[in-house]
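Quick notes on the structure that follows.
Just so you know, all these numbers are worked out from the coordinates, no wet-lab data involved. What you see is a predicted model, and the numbers here were worked out from it, not measured in a lab. Every residue, glycine as well, gets a Cβ built from its backbone with ideal geometry; the counts of neighbours run over all protein chains shown.
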Amino acid sequence: MAKIFNSSNFQNEVIEASKTKPVLVDFFAVWCGPCQTQGPIVDELAELMADKAVVGKLDVDQAQEISGSYGVMSIPTIIIFRDGKEAKRLVGLQDKADLLEELKALIS
């Protein structure tokens, strides 16, 4: 199951954690249809990559300041963080194979 990121844990769970391994963040909203399709894919990815990457979700309605600070204008948006900063951004529904490939490319 994917981690749940929010305003109180984002700095530690995403920014700090990405200094040791990639962190994939699915920016979503509960009312967003494509986000509901993306969610289970992100959960599967979290299981597959558990030892190599951190995979989680951030509800844009619950953490507007974070999504705003990263300029998330459309959802779902997936941002992969590495070394404390954004390394890759994917906008729109993504399939598991593509996300897996993007994550693997950032694993050192």
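A few points about this structure:
- Most mobile of Asp51, Asp43, Asp59 in a GNM of the chain (Cα contacts under 10 Å): Asp51
- Proximal lysines relative to Lys19, as straight alpha-carbon distance under 21 Å, when same-chain residues fewer than 8 apart are discounted: Lys3, Lys52, Lys57, Lys85, Lys88, Lys104
- Under a model in which nothing but the beta-carbon of Lys, Arg (+1) and Asp, Glu (-1) is charged, the chain shows a dipole of about 280 debye around its Cα centre.
- Relative to the 2.2 N^0.38 Å rule of thumb, the chain has a C-alpha radius of gyration ratio of 0.94.
- Here the spin labels are modelled as points 7 Å beyond Cα on the Cα-Cβ line, and at Thr20 and Ala50 they lie 1.7 nm apart.
- A cut-off under 14 angstrom between Cβ atoms defines the neighbours of Ala63, and their net charge, with Lys, Arg +1 and Asp, Glu -1, is -3.
- Net charge of Cβ neighbours under 14 Å - reference Phe27; Lys, Arg +1; Asp, Glu -1: -1
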